[in-house]
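Worksheet: one structure, shown below.
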Amino acid sequence: MIGFLHDNLSYFLSGISVGGQYALIAIGYTMVYGILRLINFAHGDVFMIAGLVMVYLSSSLPFTISIPLVLIITVALGFLIERVAYKPLRSAPRMSVMISAIGVSYLLQNAALYFAGGLAKVYPSIPWLSSSIVIWDSTTKMVTVITPFLTIALVILLSLLIKHTKIGMAMRAVSRDFETSQLMGIRINSVISITFMVGSLLAAVASLLYFSNYASVTPTSGSMPGLKAFVAAVFGGIGSIPGAVIGGFIIGICENIIKGGASIFGIPGTGWTTFSDAFTFAFLIIILIVKPTGLFGEKQVDKV
Amino acid sequence: MEKEKKKRLALIWAAIAVSYIVILILEMTLRPTSMLLTVLKKGAIYSLVAVSMNLLNGFTGLFSLGQAGFMLIGAYTYAILTMPSEVKTSESVYKYYQCFITFDTGVFIGLIAAGLMAALFAFLIGLPVLRLKSDYLAIATLGFAEIIRAVCQWDVLGPVTNGANLLRRYIDLTYVTIPFTDIPFPPTLFVFIVAGISILLIVLLINSSYGRAFKAIRDDETAAEAMGINLFRHKELSFVISSFFAGISGALLAMFQYTVQAQQFKSMMTYEILLIVVIGGIGSISGSCIASFLYITLSEWWLRGLDMGSFLGIDAPNLFRSGFRKLVFSVIIMIIVLFFSRGIMGDKELSLTRIKGFINKRGMKKGKKEAEA
Amino acid sequence: MKKILLILLAFVLLFPLAAGGSKEDGNTIRIGVFEPASGDNGAGGKQETLGIQYANFLTPTVDIGGTTYDVELVIVDNESSNDRAATAASMLINEDVSVVLGSYGSGVSIAGSDTFRAAGVPVIGITCTNPQVTEGNTHYFRICYLDPFQGTVLANYAYNELGARTAYCLAKLGDDYSGGLVNYFIQQFEALGGTCISETFPDGNSDFTSYVNNAKNSGAEVFFSPVSTEAAQLIIDQSSSQGLGMPILAGDTWDSNVILQAAKGKSNVDITVTTFYPEGANPEFDEGFQNWVNADSTRLANNGGDDTVAAVTAMGFDAYNFALQAIKNADSADPADVMEALWATETDGVTGHIALEQVNGDAIRNTVYVKHCNTDTGAWDALPAVVVE
């Protein structure tokens, strides 16, 4: 067992690291879904834009300025998207809002395509994060080790925010019952805005970690991580933050095991790597059918 | 009343006949490579898939995002079946695999099989998935489309699907002949006939008692169930039929493109079709058709100048560079989604009276303005 | 508000129709450039296009039947995507081009091929090396060598020069270029007595750490990965941080300054590539091109930010001159005449003598240049060229 772990440690390390990044993105999905019942398809693209902004900022500014600036810009972007694309549709059918989300996703990708010229941009290597270290004979980047700890720290912070602050209470109230909380005098628009801003902030942090690991940004580099993070959110039970985090880690690890399957289990030549993305969806469908509420989700009752 | 209805029907048929004659004339006079014909062909193909999606989303209220997956199945079935057996065995397409299916069929069987295969998969996928609600259904169908794509690219299925590589040299539009002769079938007309018949069948279905049941489910599931409509059976029926036509449009797309590859059927393609449906108006067949032609014409033709340095006679290579077309296009889409969420047609259909009304309104306004001046 | 928007929308959507269709012809002939400017192969496509533009800058006219015609390039971006290839191709045909050059990347070339066939327009492939591009058709020509040839050379190099007995091959799923080249590499490598492990990665993948680990664990002695430059950047970066510890071998796509920039300063990566043209082989061309590129910031950006002369640029340059020669030989700008004349066309280009064999219309070439990446200077070191008789 120890020997097995030792030989395949590098797969697990990359799995845990990418899983942590999925988890951070997944929180954004799960919070927004919890409140608005909206799959925010544009969230993955916000993540990508954060990466792209970093590429441009860091070419002229030192990291001490560009990193906070990236976080601020991404938060502003999240706020703006909600105000422009979702707020006007608050009373529209849910499908219209979802279509609007798809439209925003399309717009962000095309904007990135136009302004970045359609080529992959090389992500700057952030000095300490990008350095190589050796753990138990496996070489990897510092960021791989940092990610899970940072993720968990952020989640704890977020849980404290939701449990013990006024705004957190408002968030919980809105996600429990949208209309009643409005009647109770909760300023629903600011709660929603703050939710989007928190989600975007975490996506920006995830983009710092993710792109430090996989140092190239293209207009579509947000869509796959975005979808996978969404699956993670569904897996954990949509609306549940710890669920999203656990979902993220599981998907990240499984994905890397599939990619490394030939080497880990010694079964070469079946082309399983083809399924490294599709697996996530198979996983999703099985969960939706077996336990639609996910690991920690609350049961919802349809009102007639 | 009855007479009026008959007259209207006759008019509609006449309009359709005229448009087909116009297409035939265009086909005879224009060069076969002219951009107009290209856009017409692709527009007709997208009309069919948009209408098939509208059947699900607009008429049955099932928010499905699996259209690209069913098109993929249709396209592959068609390509694999109609590829001449000598091509299959000559190693020029199946270069890295031993081809497994060594017979070939004609266009007609290929098209029908494409639809049937897509319908079969839809039936199987529908069994578990259709029990899900709204956005969960959307994401599950999206997931299935991705899984279909991955399976088609799998090495182990290489002898059938040519792995992840291109399929080509099947019977494409330039090789279609008029039955029992060697005369080439006018390609644009062929696409229009196939798409037209398919859309007609969907319209007939929507106006049948099944169609009314679909609409009842869309408007209120619980009420529909209370009235004795078998929810699951009708959902499954709508899903299977929609996929059947998505499969046929996939086959047409394969014919149009000359080559087909699983890679292109990404979720982005489904989004595009969804946007077409929204632009046209959810729940309007004619809206979907108009939107398809508009969408394809704009994105493939009229707005091309935005990418190529000069647009409307303005030369600005730094502004109009690669990607600008898509950016402008997505802004237009956002405007439509946000401000005109009912789309071009809403849930109404195009009819002579509406056109008349529209012209009259405009005419009156114009007259008013002139009078004021 | 809504009404103004509606009018604006209608204006934007319908105006192009009224404005279109005014094309002056005069004494101009058009050459289509069918190249990617975005997507996976965008970087390479832009460099190839630069070569064509430079050639057009040097020789902007051609004489047909005693009249001098201006040559206009019509450049269309095929987005490195097989499904966009057909529409990009019909765009070119709609512009009445006499001959088309391109594309970088075999997949799009194969996908666009039938559209050109249906229109009867000849195409000259510049660096698409997969045999299927020209096989079994009469309208697609090619001025570079083919993958069976390149794959054999690479396999021999891995087996004989690097002394590898096990090779790890990584291709992109559904990519004709990398898939084809890996296939020919494996054929030859196994014929020599080696063993190969091959894997593929899906489109849009950016996590290559598991593949790097697979290579390490498989006991391979060489990592063969002839993929697009987009993926190459990531592979180089991640093999450096994961400590791949074996030489990386790749084909012509990797001969790009994108690779040099990614590998610079990473002393633990060892990259060897095969290519069409070694920088410095024709100093006059190199210098002229570098001056031309440095004169304009857009050109410089398209060349990846510096004035490295990529092999694909030289090939693009030759392709343009080859096409002009064919038009001269045909003494006509009609696509059918040019197609006829192409079979017998010969030129001496900067990458060597170009003549076509008469079955598929492929160039007769027997030299592969080999380069090794110097990670200290961020430049290529030329290794002895391989000539196969």
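Listed by position, the strands (runs of 3 or more DSSP E) contained in the stretch C:316-389 that have at least 1 residues being on the phi < 0 side of the Ramachandran plot and more than 20 Å from the chain's Cα centre (by Cα) are C:346-349, C:367-374, C:379-387. Out of all the residues in the stretch B:291-308, is one or more part of a loop (DSSP other than H, G, I, E, B) and modelled with pLDDT under 75? Yes, some residue in the stretch B:291-308 is part of a loop (DSSP other than H, G, I, E, B) and modelled with pLDDT under 75. In a helix (DSSP H, G or I), modelled with pLDDT of 90 or more and not assigned by TED's automatic domain parsing to the domain that holds C:Q47 - does that describe any residue in the stretch C:192-211? Scanning the stretch C:192-211, I find no residue that is in a helix (DSSP H, G or I), modelled with pLDDT of 90 or more and not assigned by TED's automatic domain parsing to the domain that holds C:Q47, so the answer is no.
Identify the residue in the stretch C:122-142 that is of a type in the set (V, I, T) and in contact with a Ser or Thr (Cβ under 8 Å, 6 or more places away or on another chain) and, among all such residues, is modelled with the highest pLDDT. Step by step, filter the stretch C:122-142, then rank; the result is C:V123.
The requirement of being at pLDDT 85 or above, surrounded by 24 or more Cβ atoms within 10 Å (Cβ to Cβ) and within 14 Å of chain C (Cβ to nearest Cβ) is satisfied by A:V217. A:F230 meets the stated requirement of being aromatic (F, W, Y), touching a residue at least 60 places away in the same chain (Cβ under 8 Å) and more than 14 Å from chain C (Cβ to nearest Cβ). In the stretch B:137-151, the condition of being over 24 Å from the mean Cα position of the chain (by Cα) and over 24 Å from B:C289 (Cβ atoms) is met by no residue. So for the stretch B:171-193 (the condition being crowded, with 21+ Cβ neighbours inside 10 Å, more than 9 Å from chain A (Cβ to nearest Cβ) and at positive phi), does at least one residue qualify? Checked against the condition, which is being crowded, with 21+ Cβ neighbours inside 10 Å, more than 9 Å from chain A (Cβ to nearest Cβ) and at positive phi, the stretch B:171-193 yields no hits at all. When the stretch C:237-256 is limited to residues that are outside any helix (DSSP H, G or I) and buried (at least 23 other Cβ atoms within 10 Å of the Cβ), the one that is farthest from the other protein chains (Cβ to nearest Cβ) turns out to be C:L249. Restricting the stretch B:318-342 to residues that are assigned to a loop (DSSP other than H, G, I, E, B) and more than 7 Å from chain A (Cβ to nearest Cβ) leaves a set whose member that is farthest from the chain's Cα centre (by Cα) is B:N318.
Residues checked against (1) charged (D, E, K, R); (2) in contact with a Ser or Thr (Cβ under 7 Å, 6 or more places away or on another chain); (3) assigned to a helix (DSSP H, G or I); (4) closer than 19 Å to A:A116 by Cα:
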position	(1), (2), (3), (4)
C:V269	no, yes, no, no
C:Y277	no, yes, no, no
C:G288	no, no, yes, no
C:D307	yes, no, no, no
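Considering each residue of the stretch C:278-288 in turn, none proves to be in contact with a Leu (Cβ under 7 Å, 6 or more places away or on another chain) and modelled with pLDDT of 85 or more.
Scanning the stretch A:36-43 finds one or more residues that are part of a helix (DSSP H, G or I), farther than 24 Å from A:S132 by Cα and more than 14 Å from chain C (Cβ to nearest Cβ).
Looking at B:L111, B:L137, B:L142, B:L127 in this structure, which one is at negative phi, in contact with a Gly (Cβ under 8 Å, 6 or more places away or on another chain) and part of a helix (DSSP H, G or I)? Selected residue: B:L142, the only one of B:L111, B:L137, B:L142, B:L127 that is at negative phi, in contact with a Gly (Cβ under 8 Å, 6 or more places away or on another chain) and part of a helix (DSSP H, G or I). For residues that are surrounded by fewer than 23 Cβ atoms within 10 Å (Cβ to Cβ) and under 20 Å from A:S17 (Cβ atoms), scanning just the stretch C:212-230, find the one that is modelled with the highest pLDDT. The extreme case among them is C:K216. The number of residues in the stretch C:193-209 being facing another protein chain (nearest Cβ under 7 Å), in contact (Cβ under 8 Å) with a residue 12 or more places away in the chain and on the phi > 0 side of the Ramachandran plot comes to 0.
Here the stretch A:109-124 is the region considered, the condition is being buried (at least 19 other Cβ atoms within 10 Å of the Cβ) and aromatic (F, W, Y), and the residue that is nearest to the other protein chains (Cβ to nearest Cβ) is A:Y114. Quick one: which of B:D135, B:D104, B:D155 is within 11 Å of chain A (Cβ to nearest Cβ) and more than 23 Å from A:L288 (Cβ to Cβ)? So the residue among B:D135, B:D104, B:D155 that is within 11 Å of chain A (Cβ to nearest Cβ) and more than 23 Å from A:L288 (Cβ to Cβ) is B:D155. With respect to being closer than 30 Å to C:E221 by Cα and either assigned to a loop (DSSP other than H, G, I, E, B) or without any contact (Cβ under 8 Å) to a residue 24 or more places away in the chain (or both), C:Y157 falls outside the description.
Yes or no, residue by residue, for (1) farther than 30 Å from B:M255 by Cβ; (2) of a type in the set (F, W, Y):
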site: B:L189; (1), (2): no, no
site: B:Y210; (1), (2): no, yes
site: B:T222; (1), (2): yes, no
site: B:A226; (1), (2): yes, no
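Return yes when C:S228 is more than 7 Å from every other protein chain (Cβ to nearest Cβ), over 17 Å from A:F211 (Cβ atoms) and in contact with a Gly (Cβ under 8 Å, 6 or more places away or on another chain) and no when it is not. Yes, satisfied. Residues that are among the basic types (K, R) and surrounded by 22 or more Cβ atoms within 10 Å (Cβ to Cβ) are absent from the stretch A:94-101. Looking at (1) touching a Leu at 6+ places or on another chain (Cβ under 9 Å); (2) part of a loop (DSSP other than H, G, I, E, B); (3) small (G, A, S), can you tell me which one B:G69 breaks? Looking at each condition in turn, B:G69 falls short on (2).
Every listed requirement among (1) part of a helix (DSSP H, G or I); (2) farther than 30 Å from C:A301 by Cβ; (3) at the interface with chain B (Cβ under 9 Å from one of its Cβ atoms) is met by A:Y106 save one, (2).
When the residues of the stretch A:86-103 are filtered to those that are in contact (Cβ under 8 Å) with a residue 12 or more places away in the chain and within 7 Å of another protein chain (Cβ to nearest Cβ), the one that is farthest from C:G305 (Cα to Cα) is A:R94.
Yes/no matrix, rows are residues, columns are (1) of a type in the set (S, T, Y); (2) part of a loop (DSSP other than H, G, I, E, B):
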site: B:F59; (1), (2): no, no
site: B:Y78; (1), (2): yes, no
site: B:E86; (1), (2): no, no
site: B:S92; (1), (2): yes, yes
site: B:F103; (1), (2): no, yes
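For the stretch C:152-170, the count of residues that are at pLDDT below 90, crowded, with 24+ Cβ neighbours inside 10 Å and not assigned by TED's automatic domain parsing to the domain that holds C:I52 is zero.
The values are calculated or read from the model by the stated rules, or taken from the named source; none is laboratory data. Small disclaimer: the values here were computed from a predicted structure and weren't measured. Counting neighbours? That spans all protein chains shown, and the Cβs are built from the backbone with ideal geometry, glycine included.
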